[in-house]
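A quick write-up on the structure given underneath.
The values are calculated or read from the model by the stated rules, or taken from the named source; none is laboratory data. Computed from a predicted model, the values in this text were never measured in an experiment. Ideal geometry is used to build each Cβ from the backbone, glycine not excepted, and the neighbour counts take in all protein chains shown. Areas reflect the complete protein model, heavy atoms only, side chains present, ligands, DNA and RNA absent. Shrake-Rupley method; radii C 1.70, N 1.55, O 1.52, S 1.80 Å.
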Amino acid sequence: MRIEEDKKLSFKDVLIRPKRSILRSRSQVELVRQFIFKHSRMIWSGIPIIAANMDTVGTFSMAKVLAKYKILTAIHKYYTITQWKNFVDSVPSHLLHYVMVSTGTSDSDLKKIKNILELSNELKYICIDVANGYSEHFVSFVKKSRDSFPNITICAGNVVTGEMVEELILSGADIIKVGIGPGSVCTTRKKTGIGYPQLSAVIECSDAAHGLGGRIISDGGCIVPGDLSKSFGGGADFVMLGGMLAGHKESEGEIIEEHGKKFIIFYGMSSKLAMNKYIGNIAKYRTTEGKIVKLPFRGEVSITINDILGGLRSACTYVGAEHLKELTKRTTFVLVSEQENCIFNHNDFIT
Ligand code: 5GP
């Protein structure tokens, strides 16, 4: 047994120190970034936020809205080929630059991915997603995918440590998804005791990835727009959001009415609800690692997106970053023991 003595950080442990700036207005801030990916050599430009590949977040309806903002959607893996075909046929082809195709790591997943990518030359991003990115099987699937799709940008995860980030990049991944246990509807840390504080994971993994010309996604744990600023400040190239984008019209979920109020169900992809829906049962040797929650219905996602982008622009002006790209080098984190003034509680808020 070994103990690492240095303190690892979550978003709640820090704030970003303001710095002198020559920016006069938030409107001067450019959130669009451009990347050239290591293996695919593809150029992507957009706002580096990704809707998570959960079946009530990474939906076709979400992609149609977010693409207008140049924001990506990782489409969940449970749509059928026919549903994909209808989607691809119904949207302008440039919209597909903001779409990632999610997959698991079985042989049938690989076959399905091939079939989906054949629907359009504009589909160029795949997201190989497993809860535990530390297995040899996962690494060999990443290698197999790189061999099968030399020109496709491959995102792979999830991991939280530098050596595994390096292994996956060297195996053919362009972008590594970072985060184990921080998610809003995740119970992995409670069920297993495994995890890594998200901000430290981002700081350490981005350092490892950038050294090899790779990129990272900070996946999970953002609760407020300020957490995206902290992720980018810590070195994340992309930020993936589940809970913050859940509960909207674009979730494609059933809206429940109770006493005149509208609600919508949101759940982890390893929750009992998701497993029963897609696998039909929960195998005896495993447990659920996801929550099921009932959220007040939040209407259209564009209002939430504007709030998030406004927060990010404002963070950039506070530290004098004219481009989002500069946020990392303009960031000094200060360790804190409280985040906000909590004199009023939720019941007092009008909005
Ligand atoms: P959030 O933005 O909601 O905090 O985190 C979203 C991320 O949580 C997803 O992208 C995914 O990595 C993770 N996640 C989604 N469902 C589950 C689940 O059922 N269990 C666990 N452990 N993680 C989940």
Highest average packing first - 242-248, 283-289, Cβ atoms within 10 Å: 242-248, 283-289
Of Phe149, Phe238, Phe11, the one that fluctuates the most in a GNM where the chain has Cα springs shorter than 10 Å: Phe149
The stretch 240-327 - percent relative contact order, Cα under 8 Å, separation 6 or more: 29
Whole-Hz couplings from phi, Karplus 6.51/-1.76/1.60, listed for the stretch 129-139; x for Gly and Pro: 10, 10, 5, 10, x, 9, 8, 4, 4, 5, 4
Highest average packing first - 174-183, 12-21, Cβ atoms within 10 Å: 174-183, 12-21
Placed amide H near Asn132: partners under 5 Å, 5+ positions off or other chain: Asn158
Calculated from backbone phi, Karplus (6.51, -1.76, 1.60) coupling profile of the stretch 275-290 in Hz, x at Gly/Pro: 5, 5, 5, 9, 10, x, 6, 10, 4, 4, 7, 10, 10, 7, 10, x
Of all accessible heavy-atom area on the stretch 65-113, the percent that carbon and sulfur account for (1.4 Å): 55
In sequence order, calculated HN-Hα J values of the stretch 161-166 (Karplus, 6.51, -1.76, 1.60; Hz; x Gly/Pro): 10, x, 5, 7, 4, 5
The chain: most fluctuating residue of Leu335, Leu96, Leu170 per GNM, C-alpha cutoff 10 Å: Leu335
Relative contact order %, the stretch 78-227, counting alpha carbon pairs below 8 Å whose residues are six or more apart: 18
Inter-site label distance for Ile223 and Ile22 at 7 Å from Cα along Cβ, in nm: 3.8
Carbon + sulfur, % of accessible area of the stretch 124-271 - ligands and nucleic acids excluded, 1.4 Å: 54
Per residue solvent-accessible surface (Å²) - the chain, probe of 1.4 Å: 50
Expected 222 nm ellipticity per residue - DSSP helices of 4 or more, -39500 (n - 2.57), all of the chain, to 500: -9000 deg cm²/dmol
Amide hydrogen neighbours beyond the local backbone of Gly58, cut-off 5 Å, H modeled: His76
FRET efficiency estimate (nearest 0.05) - Cβ-Cβ, Gln34 to Lys85, R0 35 angstrom: 0.70
Modelled FRET efficiency - R0 35 Å, Leu212 with Glu258, Cβ distances, 0.05 increments: 0.10
Relative contact order (%) - criterion: Cα under 8 Å, at least six apart; region: the chain: 22
GNM result for the chain, Cα springs below 10 Å: residue of Ile169, Ile49, Ile279 fluctuating most strongly: Ile279
Efficiency of FRET between Lys272 and Phe297 - r from beta-carbon atoms, R0 22 angstrom, step 0.05: 0.45
